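This report refers to the structure that appears directly beneath it.
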Amino acid sequence: MSAQPDGPYGPLVPMPDLTPDALRAAVARIAPSRIPALTQHLFEATTNAQQTQSLAPLRAFVHSWAVFVAIERHPERAARLRELERIVDMAEQDPTAAIHEIQQIRKAAEAEAGL
């Protein structure tokens with residue numbers, strides 16, 4: 001795991017290795033309510049990988065959960081993302097700026113995760 005600075009307080013957890021076990025451990029610490037979703041996604045990815053004889057479903061699993069952890073380990077970033085998603089979902093205003101900022105948050109999270 002590698003730590004990334006997050007202002008004076010730092011992230012909730014270090015960025016884990018990009019393995020299912022390490023991602024599961026990080027999710028258990030920062031968002032335990034999401035463990036059932038992670039477990040289901042891993043089961044589906046493993047099944048799909050076996051059926052298609054491709055690692056692509058497992059890569060997609062790792063990518064998805066690594067980005068989730070990279071975002072959620074920084075509470076302010078996670079809260080901002082939820083607010084931006086609410087803005088887009090509510091469709092009460094032009095979502096262009098919110099969509100752009102969501103893309104920037106996800107891009108930064110991918111870079112932080114080493115993806």
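Filter the range 82-115 down to the residues that are of a type in the set (A, V, I, L, M, F, W, C), part of a helix (DSSP H, G or I) and over 17 Å from Val27 (Cα atoms) and list them by number.
Once the filter is applied, which keeps residues that are of a type in the set (A, V, I, L, M, F, W, C), part of a helix (DSSP H, G or I) and over 17 Å from Val27 (Cα atoms), the range 82-115 yields Leu84, Ile87, Val88, Met90, Ala97, Ala98, Ile99, Ile102, Ile105, Ala108, Ala111.
Condition check: of a type in the set (Lys, Arg) and touching a residue at least 12 places away in the same chain (Cβ under 8 Å). Does Arg59 satisfy that?
No; evaluated as a whole, the condition is false for this residue.
In this structure, is Thr47 more than 12 Å from the chain's Cα centre (by Cα) and either over 19 Å from Ala113 (Cβ atoms) or among the acidic types (Asp, Glu) (or both)?
yes
With respect to the numbered conditions (1) closer than 23 Å to Gly114 by Cβ; (2) modelled with pLDDT of 95 or more; (3) surrounded by fewer than 17 Cβ atoms within 10 Å (Cβ to Cβ), which one is the sole condition not fulfilled by Ala3?
Unmet for Ala3, out of (1) closer than 23 Å to Gly114 by Cβ; (2) modelled with pLDDT of 95 or more; (3) surrounded by fewer than 17 Cβ atoms within 10 Å (Cβ to Cβ): (2).
Condition check ((1) farther than 19 Å from Leu115 by Cα; (2) surrounded by 11 or more Cβ atoms within 10 Å (Cβ to Cβ); (3) among the small types (Gly, Ala, Ser)) across all residues:
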residue: Gly10; (1), (2), (3): yes, yes, yes
residue: Val13; (1), (2), (3): no, yes, no
residue: Ala26; (1), (2), (3): no, yes, yes
residue: Thr52; (1), (2), (3): yes, no, no
residue: Pro57; (1), (2), (3): no, yes, no
residue: Ala70; (1), (2), (3): no, yes, yes
residue: Pro95; (1), (2), (3): yes, yes, no
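Among the numbered criteria (1) farther than 20 Å from Asp21 by Cβ; (2) among the charged types (D, E, K, R); (3) surrounded by 11 or more Cβ atoms within 10 Å (Cβ to Cβ), which single criterion is violated by Arg34?
Only one criterion in (1) farther than 20 Å from Asp21 by Cβ; (2) among the charged types (D, E, K, R); (3) surrounded by 11 or more Cβ atoms within 10 Å (Cβ to Cβ) is unmet by Arg34, namely (1).
Residues of the range 5-21 being part of a strand (DSSP E or B) and either among the aliphatic types (A, V, I, L, M) or under 13 Å from the mean Cα position of the chain (by Cα) (or both), which ones?
Answer for the range 5-21, where residues must be part of a strand (DSSP E or B) and either among the aliphatic types (A, V, I, L, M) or under 13 Å from the mean Cα position of the chain (by Cα) (or both): just Met15.
I'm trying to understand the selection: among the residues of the range 64-115, which are among the basic types (Lys, Arg) and within 19 Å of Pro11 (Cα to Cα)?
Residues satisfying the conditions are Arg73, Arg77, Arg80, Arg82, Arg106, Lys107.
Collect the residues in the range 22-63 that are assigned to a helix (DSSP H, G or I), more than 25 Å from Leu12 (Cβ to Cβ) and of a type in the set (S, T, N, Q), keeping them in residue-number order.
Result: Thr46, Thr47, Asn48, Gln50, Gln51, Thr52.
The values are calculated or read from the model by the stated rules, or taken from the named source; none is laboratory data. Remember, predicted model here, so these are calculated numbers, not experimental data. Note that each Cβ is placed from the backbone with ideal geometry, even for glycine, and that neighbours are counted across all protein chains shown.
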